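Worksheet for the structure shown next.
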Amino acid sequence: MTAVIERPAAPPVRAPWRDRVRRAAIWAALVFVTLAVVRQVTGANALTSAGTVNDAIGLAVPIGLAALGGLFSERAGVVNIGLEGMMIFGTWFAGWAGYQWGPWAAVLGGIAGGALFGLVHALATVTFGVDHIISGVAINIIAVGATRYLSSRFFLGREDGGVNQSPSVPLIGRVGVPGAGGPLGTLEGKHWFLVSDLAGLLRGLFTDVSLLTILAVLLVPAAFWLLWRTGFGLRLRSVGESPVAAESLGVPVYTMKYAGVVISGALAGLGGAFLVTVYDGKFLENQTGGRGFIGLAAMIFGNWRPGGLAAGSALFGYTDSLRLREGSAAVHALLLFAAILLAILAIRAGVTRRWIPAGALAVAAVGFGVVFAVTDQVPAVLTPLVPYAVTLVVLALAAKRLRMPAADGLRYRKGETG
Amino acid sequence: MRLAAFVAVGAMALAACGNTEDPGSATSSSKGGLAVGLAYDIGGRGDKSFNDSAANGLDKAKKELGATAEEVSPNQAGTDRADKLKGLVDSKKNPVIAVGFKYADDLKKVAAANLGTNFAIVDDGSIQAPNVANILFAEEQGSYLVGVAAALKSKAKHVGFVGGVQSPLIQKFQAGFQAGVKSVDPAIKVDVQYLTAPPDFGGFAAPAKGKVAAKGMIDSGADVVYHAAGGSGSGVFDAVVEARAAGKAGTWAIGVDQDQYLTANDSQKKVILTSMIKRVDVGVFDFLKKFKDGEKPSGPQVNDLKSGGVDYATSGGYVDDIKDKIEAAKKDIIDGKVTVPAKP
């Protein structure tokens, strides 16, 4: 009798990212169909209208750029709570360059301004070993005061300029797929189930889009490629996971950290420049409105990955667009959407016999359903909070296992062994 | 750790740089003349809005009443308002004017501790003290008039209101506007949207949000949008400019606080139908004049249509064809035939 050595069956070889992409696509389709159902039931046509989609992207991009900035910094092991400040500098330098030399100069100015203060953050945290949070908070405080001071020096007395705003900056041009707007618009106007929803989505995505928006959206796959498919990205991530090991293999740790933080500042600055050149048409005090912090949160709940942070930013942009455009009625329809989605999650948990989460999700689903049924609209005073609440809840539910880079936020000294 | 402390201290010092006093304003002597202490809201002179309007009133008082003044503004976070007020009292300024309702809590305490000094506060009616005057505006009356204009110009019978922050002050604008629209035709639909709710006052500096809100209204059929959203208003104007460019020819925006036709850029000028003017300068000047004349004003000093404290703008000539109807509405309010609600 021969001994049989049992081998565990080898798992089918498949690139893990393909699985992830497929899962994300299935979820996106599910969410979209649910939205279409809710629109049909409630008659809140704004849920999938081209305008909502278009503005959702516009509102998501600055948050997403800040989040991407956070990604580069934290993947290199430097916590960047100064994103907001770098974004503020981005808006100021964009305003300063933009009113003199046009919108594309504003974009460059914003990138340079953000990168400059990324460099300051890198100098403080990497070279001098300052606590990352303290340096970041300092940059946020400096940004507010310094831009006010700079404005009083450079903008006060110019036409349209003042201590709290720059002269006007021309907006960046908008483009679209030629000829797509008309037929899609007609189709959207019919309010057919799913067909009109799809038409609205496509019209929102492919007509009247700012060139900078296109560029910014492309930066998400570009960041993925750079960080996960190139040697540079591998080195950058390695210093965020284990700088000691990286150094022992000859990776220039300080250089990589500098690169990560400066790119981080540049991206946050680009987010500021986006506000100036796509929406606001000038630098304006407080115009960032905490987007740097929201981006940081989106990055964390997006599990330090480009896809996750993009999803978080898009979600925030969508809910913000919806509540700004249509107010409490459309937000009220979202309650039904939440109920259906939670019910699906509950069923999924039930199928896999995870009874406690299934029960909790079912209770939440019923709760949302009841609130939807017994109310006519969400109180107007609460609607501004909806984007924050929705993004927080959804990301918290979606992100079950968050894993930050192992050496994120830790001080690293050259030559120290761990 | 020492480095950390150094960086933090450096940051504070730099942040303080932003809080510069306005140049050429800090000189004054109180040799019997009118020595005014004026505390601006965050931003100070040069904000092209509320503070500048107050500054205009003060400048007029300097010229016509021979006033001297010390002008201060709080830090970015607005945490040192009480100190700024005390500083003005300590340097023997009388009267002391605080610009903006955010001074209310601090002014109440400082005024109670300094009964020998006269105070005035713009946009706050909550403080009742013998030495405090409340410079108030009947924003609802001016908003009523631009509501009439909006209703007369709207072909779609659908208009919109974009408020910066959902506070009682901005709701006065909303209430007046709605009443004005309904007075022309009760069937006209009025969309109402606020950008933020307190304590988030970011809605006054968020043109992107203003633009999205206005686009939403225009997409759903509104053709006149009135904003009471401070700096976010330029986003509302841009939304209307874009709607015009996209073929919606009869779309209009209505400005607020100042005659915004005069300060807007060239493309925006074409879409600003009128503006609801709130004359903070008149309110400040009138208070100072009364004070100079020996009166010690206290309690509500309401600036309304009658006193010229609020009004509507005619720059651009876009309301010339409906001017007689707006004037009739104005007369009705002044004569007391129409009472405009201050709450929606």
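All of the numbers you see were taken from the coordinates with simple rules; none came from a lab. Source: prediction; values computed, not measured. Neighbour counts run over all protein chains shown; Cβ positions are idealised from the backbone, glycine included.
Site pair B:K63 and B:A112 shows an inter-label distance of 4.1 nm when each label is modelled 7 Å from Cα along Cα→Cβ.
Here's the list of lysines a cross-link from A:K257 could span, going by alpha-carbon distance under 29 Å and ignoring same-chain residues fewer than 8 apart: A:K400, A:K414. Under the simplified labelling scheme, the A:A360-A:L119 pair shows an inter-label distance of 4.8 nm, with each label point 7 Å from Cα along Cα→Cβ. Other residues whose C-beta falls under 14 angstrom from the C-beta of A:P384 contribute a net charge of 0, scoring Lys and Arg +1 and Asp and Glu -1. Across segment A:18-60, the volume of the C-alpha convex hull divided among the residues equals 70 Å³ per residue.
In terms of Cα to Cα distance under 16 Å, which lysines are near enough to B:K323, apart from those fewer than 8 places away along the same chain? Once the sequence-local lysines are set aside, what remains near B:K323 is B:K153, B:K331. Anisotropy class assigned to segment A:54-104 is oblate, per the alpha carbon gyration tensor with a/c at or over the 1.5 cut-off and a/b no larger than b/c.
Just so you know, the averaged projected area of the alpha carbon convex hull for segment A:110-161 sits at 4.1 nm². Computed over the protein assembly as shown, the P(r) curve from all C-alpha pair distances, binned at 10 Å from the origin, holds 3, 13, 21, 24, 20, 12, 5, 2, 1, 0, 0, 0 percent per bin. Calculated on C-alpha atoms, the gyration radius of segment B:179-304 divided by its Kirkwood radius gives an Rg/Rh of 1.08. Working from label points 7 Å from Cα in the Cα-to-Cβ sense, the A:L249 to A:W228 distance is 1.8 nm. Compactness of segment B:111-223, taken as the C-alpha radius of gyration over 2.2 N^0.38 Å, stands at 1.33. Amide H contacts of A:S210: A:V175, each under 5 Å away and 5 or more positions distant or on a separate chain (H built 1.01 Å from N in the peptide plane; Pro and chain starts excluded).
The length gained on full extension between B:K155 and B:D266, counted as 0.36 nm times the residue separation minus their Cα-Cα distance, comes to 37.5 nm. Amide H to amide H distances under 5 Å link B:V96 with B:G37, B:N118, B:F119, B:A120, where only residues 5 or more positions off or on other chains count and H is placed in the peptide plane.
Bridging of B:K92 to lysines at a Cα separation below 28 Å is possible for B:K31, B:K60, B:K62, B:K63, B:K84, B:K102, B:K108, B:K109, B:K289, B:K290, B:K292, B:K296, once same-chain residues fewer than 8 apart are set aside.
Amide hydrogen proximity for B:A228: with H placed 1.01 Å from N in the peptide plane, the residues at 5 or more positions away or on another chain lying under 5 Å are B:V162, B:G163, B:G164.
Computing FRET efficiency as 1/(1 + (r/R0)^6) for A:L30 and A:W104, where r is the C-beta to C-beta distance and R0 is 41 Å, gives about 0.55. Over all pairs of different C-alpha atoms, chain B has a mean inverse distance whose reciprocal, the Kirkwood radius, equals 21.0 Å. Taking a Cβ cut-off of under 14 Å around A:M404, the surrounding Lys, Arg, Asp and Glu residues balance to a net charge of +2, with basic ones at +1 and acidic ones at -1. Quick check: from the Cα gyration tensor, does segment A:133-276 come out rounded (a/c under 1.5), prolate or oblate? Verdict is oblate for segment A:133-276. In segment A:282-376, Cα pairs under 8 Å separated by at least six residues give a relative contact order of 19 percent.
Put simply, the convex hull of the Cα atoms in chain A casts, on average, a shadow of 26.9 nm². Comparing A:M299, A:M404, A:M87 in a Gaussian network model of chain A, where Cα atoms under 10 Å apart are tied by springs, the biggest mean-square fluctuation is seen for A:M404.
Once the Cα atoms are used to define both axes, helix B:104-113 deviates from the longest principal axis of chain B by about 30 degrees. Extent of segment B:53-197 along its three principal axes (Cα atoms, max minus min coordinate, largest first): 58, 35, 29 Å.
In order along segment A:311-320, phi translates into HN-Hα couplings of 5, x, 5, 5, 4, 5, x, 5, 5, 5 Hz, rounded to whole numbers, per the Karplus curve 6.51 cos²θ - 1.76 cosθ + 1.60 with θ = phi - 60° and x for Gly and Pro.
Once R0 is set to 30 Å, what does the formula 1/(1 + (r/R0)^6) return for the Cβ-Cβ distance between B:D332 and A:E159, expressed as a FRET efficiency to the nearest 0.05?
Working from the Cβ atoms, E equals 0.15.
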